[in-house]
Each structure stands twice: as C-alpha cells, then as structure tokens.
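Enquirer: One structure is given below, represented as structure tokens, and several questions about it will come after.
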C-alpha cells in the first residue's frame, strides 16, 4: 500500500489525483490539504478517510471540523496545517498541487522529512530551484514531475543517462489566442481567456496559458528539473496537445512522448514510477488524428514568454518577482479590475522596480512576494 498526501486536493490536479486513487486500490490517502472549498473537502473526507486534513482559511477549518467526525480525522489550518500534512509520518509521497509560492515551505519540509515529491506546483522550482534541488540530493528523495510537459521530458530521458542533450523541446498548445496579434487582444474579457481549447484547468493557470506566462514558468522549472541552461529549452507550439514534449540528443535523434490530453497519465506515472499501469480513458487514434502541426511562438504578441527567458537567465530573485507580479495581475484581471494586456505591463513594471538579489533564501522569497503584491496593489495601468 502506497500512502500519499495531496496538497491542493480540491483543485484540478488534486481531484484528478483522487481519480487515480479510485482506480488503484493500493493507494491510500493519508492527508489532504485545500484552500477554502470545505464542501468538496467534506466529500473527500467521507470517501477517502484521511487521518489528517488542513484548510488554509482558519474559519473554514473550524466550520469543517463541526461537520466531520474528529475522532477519525484531525482538522488543521494555515501553513502549520499544510506542513503537518506534508510531513505526516505515514506519508511516502506528497503530491504538491497547490497554486503559488505557498507551496514552497511545505515542499521543503516534506523533503527534509524524507518524502518523495510528485511536483505539480511549478512556482516551487521557479522561485526556489536553487534551494530545492540541493535538498533533494541531500535527503535522497525523488522529485517526480507531474506537469504533462515535464513528465514527457522526464519520460524521454529514461534510459539515456550519460547521453548529451542538444535541446529540450517544450511544447505548448498556444492557448485560446494562438495566431492573434497584440492589437486583437485589447478587448479580451475574462470569459474569453478562460476558454482553453484542449485542457481543463483551474482559472489562474488557464489565464496563464492564454498569456503564455505559464509556458515561461515551465521553461524556468525545466531548467532546474533537468539541470540544463535555459537557452537549451525551446518552446514549440503544438496545437493538438498530442506531443507533450521532446528531447533532442547530440546525434540529432528526437525522443518524444505522445498521448491524449489527460493529466491523470503524468499523475499516475509520478505516483508509480518507474511502473506503468493501466489507465482507463481515450487512446490516441492516429488515423483520426491525421496530422500534427508545429509553429514558432510569437514572443512579441506574447511578451510574457520572452520576459520569462530574460528573468530565467538573470536568475536570483527575478523569477520570484516575475511569478509574484503575474499572480497579482491575474487575480486583478479575474476580478475585472484591469484589462487583459495590463497583466504583462504589471509584470514588466515589477521587474523594473526590483533590486536584484543573487541567492535569496526561502524567507527572502516570501518577503519579495509580499513586496511585489504591495507594489502592484494600487498600480494604475
């Protein structure tokens, strides 16, 4: 029996992880963490019977505690609760699927507690890769990627130890605005940006996909995961989302991972690596697929991707500023406080205002995050 904790159990990755649990009787959910959706959390407790759960919002946690049998499950809250769930002694692997830099501290503590990490929280490596990767090595744990693109790269590297990588080809669907120019995006509304053509994701990551900021974050994450220079990573638009990413070796051979757009595949692969198990669902039909399209990303229209390469090269505290500014700007856009194109304007402004730090600690990263939030709170676009 493999015992797991899920950080972000009520989100897109969390709920799909629980689908994987339903299909595999040798997975046991020991701990669950959510933000504020206690209705869904209550259902998850009744179905999966975890020993411990945590809700970020303290008042929501108190309400949840009144609804459940506290002799069977411990209800916690806040960062302390999240860390307690991530480090619970029975847990073997932590699915880190919370959104944002809130996931950094629990991941650090889980690694120190000897837990393997199935990583779906890209901000952890974007902002703290220089801290996380040495800890993974020091504590001898596995860090297994859950993002479909990084899982594809990981799978394409299997069996190739010692062979030199020429390029990592990180694929992108291009989002709902693929092919459009900047002037066509002026009047984009929230509802337009939330219509992703291929994937069902949370609201924030769907907006990030539409701006291609998400792909920029994935580029920075891949740099740490696979220990490569950021300019070794090349983004390729693949509209059908069938090729999830590729690796080109120095002899010119390109190894790719293909599959239907189903996040349960990389989740299950991370939980059982290196074993592959049956996964119910649609299979690729190459006769119906007929063709695969590829194109170069437009980094002038989608400047967020270009900025990501720039801050990724600079490193240090810059990726934290990029990520925090994007989080704040996307939240404002979703609340209809700013226009769509203002998202990137706000990121650029935060980058220009920041005093660069070469080697930030976790405390520095979290402080910089709050400073960026404050800077942008009353920013007028």
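Enquirer: Out of (1) modelled with pLDDT under 95; (2) in contact with a helix residue (DSSP H, G or I) (Cβ under 6 Å, 6 or more places away or on another chain); (3) farther than 23 Å from residue 247 by Cα; (4) not in a helix (DSSP H, G or I), what's the single condition that is false for residue 175?
Expert: Status for residue 175: all satisfied but (3).
Enquirer: Answer yes or no as to whether residue 136 is in a loop (DSSP other than H, G, I, E, B), in the same structural domain as residue 17 (by TED's automatic domain parsing) and modelled with pLDDT of 95 or more.
Expert: no
Enquirer: Take region 309-325 and flag every residue that is more than 16 Å from the chain's Cα centre (by Cα), within 23 Å of residue 234 (Cβ to Cβ) and assigned to a helix (DSSP H, G or I).
Expert: Once the filter is applied, which keeps residues that are more than 16 Å from the chain's Cα centre (by Cα), within 23 Å of residue 234 (Cβ to Cβ) and assigned to a helix (DSSP H, G or I), region 309-325 yields 309, 310, 311, 312, 313, 314, 318.
Enquirer: Follow-up. Restricting attention to region 36-46, does a residue exist that is closer than 25 Å to residue 123 by Cα, modelled with pLDDT under 95, touching a helix residue (DSSP H, G or I) at 6+ places or on another chain (Cβ under 8 Å) and not in a helix (DSSP H, G or I)?
Expert: Yes: one or more hits.
Enquirer: Now for a different question. Taking residue 223 and the conditions (1) crowded, with 24+ Cβ neighbours inside 10 Å; (2) part of a helix (DSSP H, G or I), which numbered condition does it fall short on, given that it satisfies the others?
Expert: (1)
Enquirer: Can you tell me which residue in region 32-43 is farthest from residue 92 (Cα to Cα), limited to those that are surrounded by fewer than 22 Cβ atoms within 10 Å (Cβ to Cβ) and free of Cβ contacts under 8 Å to residues at least 40 places away in the same chain?
Expert: Here the residue is 39.
Enquirer: Determine which single condition residue 195 fails, assuming it passes every other condition in (1) surrounded by fewer than 18 Cβ atoms within 10 Å (Cβ to Cβ); (2) on the phi > 0 side of the Ramachandran plot.
Expert: Just one mismatch for residue 195, condition (2).
Enquirer: Let me ask another. For region 332-381, give me the residue count where each residue is more than 18 Å from residue 311 (Cα to Cα), out of contact with any helix residue (DSSP H, G or I) (no Cβ under 9 Å at 6 or more places or on another chain) and assigned to a helix (DSSP H, G or I).
Expert: Summing the residues that are more than 18 Å from residue 311 (Cα to Cα), out of contact with any helix residue (DSSP H, G or I) (no Cβ under 9 Å at 6 or more places or on another chain) and assigned to a helix (DSSP H, G or I) in region 332-381 gives 3.
Enquirer: Oh, and also: Here is a check on your reading of the model: is residue 52 within 27 Å of residue 319 (Cα to Cα) and either buried (at least 20 other Cβ atoms within 10 Å of the Cβ) or touching a residue at least 24 places away in the same chain (Cβ under 8 Å) (or both)?
Expert: So residue 52 fails the test.
Enquirer: Against the conditions (1) at pLDDT below 95; (2) not assigned by TED's automatic domain parsing to the domain that holds residue 159, where does residue 286 fall short? Just the number, please.
Expert: (2)
The values are calculated or read from the model by the stated rules, or taken from the named source; none is laboratory data. If you're wondering where the values come from, they're calculated on a predicted model, not measured in any experiment. In this analysis, Cβ positions are derived from the backbone assuming ideal geometry, glycine residues included, and neighbour counts consider all displayed protein chains.
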